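So the structure is just underneath, and the comments pick up after that.
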Amino acid sequence: MSSEKQIEFTRDNIDIYLKEIAKEYRKQIGKNMPAEIILIGGASVLVNYGFRNMTTDIDALIQAASVIKDIINHVGDHYGLPNGWLNQDFIRTESYSSKLSGFSEYYRTYSNVLTVRTVRAEYLIAMKLRSGRQYKSDLSDVLGILAEHEKAGTSISLENIQQAVIDLYGDWNTLPKPSRNFIHNAMKNGRFCELYAQTRIEESEIKDLLVHFEKDYPGAAKEENVNEIAENLQRHNSRASILAKLRTIKNQTD
């Protein structure tokens, strides 16, 4: 966790950066060795749906000549982006599956040399549930996707999601229990837009709690324990809020 200001990527500037990567790649490699980028996570959500207007990182699967890494950094330097602004770091996380490329779909081609693909909806949901990070947008993204598909008349069923989880990870029970409970309750409730708004607020509150925790205990929150820390902070914060309300009521009646 970090409280430092982060770069904000939008659908429009992602498009600009990808165009620049493609132009430079074609200039250096030519058109006989095409490249492919599969956008993952928030970037995949951003280019396919309207409920999000930005993301702070771009995760991807990249298949291209090795020079692509230098080109990505070159484009980043030109636009004031940090090195590795587009990266494959997510392959070291639990949401990664070697089967992902088989469940991607065509998005756009740039300069007749760079093909960009994104992840199909139910598989994107499966990845978000696998991560289940309460301090990011994983759970609200799930609800946003469900809401937009419902509005478009292409509703995604729980069975679709379960099959996607099995396809990627082999077993439904590979999802964290909180994620399984979350999606079961969301599908039973069905009011995805309301749940989305509520979950966005909760995610923001948890992120704030973690930022304060990081200031008090620098370096204590790591990838492997941050979800547990977030849950404990949320429980403590909720209890503190209840106690504060009870004290207010008692003072008013005294």
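Values computed for the structure shown
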{"quantity": "Some residue of the range 179-188 being among the aromatic types (Phe, Trp, Tyr) and farther than 19 Å from residue 95 by Cα", "calculated": "no"}
{"quantity": "Index of the failed condition, residue 75 passing every other in (1) open to solvent by 40 Å² or more (accessible area, probe 1.4 Å); (2) part of a helix (DSSP H, G or I)", "calculated": "(1)"}
{"quantity": "Residue list for the range 181-218, filter: in contact (Cβ under 8 Å) with a residue 12 or more places away in the chain and among the charged types (D, E, K, R)", "calculated": "200, 202, 203, 205, 207, 214, 215"}
{"quantity": "Qualifying positions in the range 218-230 - modelled with pLDDT under 75 and either loosely packed, with under 14 Cβ neighbours inside 10 Å or not in a helix (DSSP H, G or I) (or both)", "calculated": "219, 220, 221, 222, 223, 224, 225, 228"}
{"quantity": "Residues satisfying the stated conditions in the range 188-206, i.e. part of a helix (DSSP H, G or I) and open to solvent by less than 80 Å² (accessible area, probe 1.4 Å)", "calculated": "189, 192, 193, 195, 196, 197, 199, 202, 203, 204, 206"}
{"quantity": "Subset tally (residues that are in a loop (DSSP other than H, G, I, E, B) and either modelled with pLDDT of 95 or more or open to solvent by 30 Å² or more (accessible area, probe 1.4 Å) (or both)) for the range 1-57", "calculated": "21"}
{"quantity": "Candidates 44, 66 - the one that is without any contact (Cβ under 8 Å) to a residue 12 or more places away in the chain and polar (S, T, N, Q)", "calculated": "66"}
{"quantity": "Neighbours by Cβ (under 6 Å, 6+ apart or cross-chain): first from the range 25-39, on the phi > 0 side of the Ramachandran plot; second in a loop (DSSP other than H, G, I, E, B) and open to solvent by less than 100 Å² (accessible area, probe 1.4 Å)", "calculated": "none"}
{"quantity": "Selected residue [touching a helix residue (DSSP H, G or I) at 6+ places or on another chain (Cβ under 7 Å) and over 20 Å from residue 6 (Cβ atoms)] from 101, 111", "calculated": "111"}
{"quantity": "Residue list for the range 116-162, filter: open to solvent by 10 Å² or more (accessible area, probe 1.4 Å), under 12 Å from the mean Cα position of the chain (by Cα) and charged (D, E, K, R)", "calculated": "128, 130, 133, 136"}
{"quantity": "Flag if residue 177 is more than 19 Å from residue 51 (Cβ to Cβ), open to solvent by 80 Å² or more (accessible area, probe 1.4 Å) and touching a residue at least 12 places away in the same chain (Cβ under 8 Å)", "calculated": "no"}
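The values are calculated or read from the model by the stated rules, or taken from the named source; none is laboratory data. Fair warning: this is a prediction, and the values are worked out from it, not measured in the lab. Here Cβ is always computed from backbone atoms with ideal geometry, including for glycine, and neighbour counts include all displayed protein chains. Ligands, DNA and RNA are excluded from the accessible area calculation, which covers all protein heavy atoms including side chains. Shrake-Rupley method; radii C 1.70, N 1.55, O 1.52, S 1.80 Å.
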